[in-house]
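Novice: Here's a structure for you.
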Amino acid sequence: MSELRDMATRLLLKSAWEMADDNEDELSAVFDGQHGFTDDLRRRAIDTLEGVGCMPSTPPDHDEMERLIADSGLSLDVLDKRAREIYDCGYSTTYQRYQTAIVMLIDDLLGVL
C-alpha cells in the first residue's frame, strides 16, 4: 500500500470515528442511507485533509511530495488534469497534485467515481 493510500485510509477512519462520535446518541443517524453516509464521510475526510478553515495542512517538502505522488500509482497526466479542474487554473503545482492524489485515493477507497 502506498503511503498516500495509507493516509487516505487514516483520513477516512478518523472521519468515520468523528461521525460516530457526533451521533453517539443516535448512531443509526450515521447510516441514514449509504449514499448520504458515503458523501458525508468523503466530505469530512477531505475537510480534514485541507485543514481547519480550508487552510492547507502542513505538507511534506517538495521532493517528498513528488516521491509520494510517484509511489501512489496515479498517472501524473491524470493528476495534473484533475488538479487543474479542481483548482480552476492553467497549470497545477506539486502541492495541488499531492492533495488531488489523496482525494482520488479517498474516492477509490469509497468506490466513488
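The values are calculated or read from the model by the stated rules, or taken from the named source; none is laboratory data. Remember, predicted model here, so these are calculated numbers, not experimental data. Side chains are part of the model used for accessible areas, which takes the heavy atoms of the whole protein and leaves out ligands, DNA and RNA. Shrake-Rupley method; radii C 1.70, N 1.55, O 1.52, S 1.80 Å.
Novice: Whole-Hz ³J(HN,Hα) for each residue in the stretch 75-85, computed from phi via Karplus 6.51 cos²θ - 1.76 cosθ + 1.60 with θ = phi - 60°, x for glycine and proline: what do you get?
Specialist: Along the stretch 75-85, the couplings run 5, 4, 4, 5, 5, 4, 4, 5, 5, 5, 5 Hz.
Novice: Residues of the stretch 40-113: accessible area per residue at 1.4 Å, in Å²?
Specialist: Accessible area per residue: 59 Å².
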